[in-house]
Amino acid sequence: MISASEASIAAAAPASAEDVRTRSQPLLTFSHEVQAEHLELKHYLRQHLYKHYRVLRMTTKAKRVVRALFDAMLGDIDLMPTEHEEAARRMEAADGRPGRARAVADYIAGMTDRFAIREYGRLFDPAERT
């Protein structure tokens, strides 16, 4: 990448940052050989990892958990810890429903996977302790 990028920069000879920004092609690039290997690796990962049925199952579960948490907390912000509930009220006062949604989304985005799964259990599993 370093050699290919050096050659690309030398050939383009940009005189300013604007010259770099307005280029149609990036200055930093792989060599043709590495680009071919990169595309081969991407194809392999897409076929054998990203599209693997077990990965797709987990992705489906994760989407379900996040969607359920979002819908529940958007509907009742009192389900969130006090500081996040207060932030949701402030943001809703400032920006309406989109502000409230942003606060809920921010809270969920800060969760680890394990915490989100525990929260899901606490909210939706009657046997789970709160």
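Seen against the Cα atoms of the chain and their longest principal axis, helix 113-124 is set at about 30 degrees. Comparing mean-square fluctuations of Val65, Val20, Val34 from a GNM of the chain with C-alpha springs under 10 Å, the top value falls on Val20. When a 1.4 Å probe is rolled over the protein heavy atoms, the share of accessible surface on the chain that falls to carbon and sulfur comes to 55 percent. In the chain, the longest principal axis of the Cα atoms and the axis of helix 53-75 are about 50 degrees apart. For the stretch 11-52, a Kirkwood hydrodynamic radius built from all Cα pairs, placed in the Stokes-Einstein relation at 20 °C and 1.002 mPa s, yields a translational diffusion coefficient of 169 µm²/s.
For the chain, with the dipole built from +1 on Lys and Arg beta-carbon atoms and -1 on Asp and Glu ones, taken about the Cα centre, which of Leu79, Leu41, Ala127 lies farthest toward the positive end? Positive-end residue among those listed: Ala127.
Gaussian network model of the chain, Cα springs within a sub-10 Å range: biggest mean-square fluctuation belongs to which of Arg23, Arg89, Arg114? Its mean-square fluctuation being the largest, the pick is Arg23. Which of these values of Rg/Rh (Cα atoms, Kirkwood Rh) was calculated from the structure shown: (1) 0.93; (2) 1.09; (3) 1.22? Structure-derived value, by its label: (3).
Sparsely packed loop sites in the stretch 1-85 (the chymotrypsin sites (Phe, Trp or Tyr not before Pro) outside DSSP H, G, I, E and B with at most 11 other Cβ atoms within 10 Å) do not occur. Once the gyration tensor of the Cα atoms in the stretch 1-75 is diagonalised, the equivalent ellipsoid follows with semi-axes of 41, 22, 6 Å, ordered largest first.
For the chain, a Gaussian network of Cα nodes joined below 10 Å ranks Ala94, Ala103, Ala72 by mean-square fluctuation, and the top entry is Ala94.
Angle of helix 97-109 to the longest C-alpha principal axis of the chain, folded into 0 to 90 degrees and rounded to 10: 80°.
The values are calculated or read from the model by the stated rules, or taken from the named source; none is laboratory data. Here the structure is a predicted model, which is why all the values come from computation and not from measurement. Cβ: placed from backbone, ideal geometry, glycine included. Neighbour counts: every protein chain shown. With ligands, DNA and RNA removed, areas are computed over all heavy atoms of the protein, side chains included. Shrake-Rupley method; radii C 1.70, N 1.55, O 1.52, S 1.80 Å.
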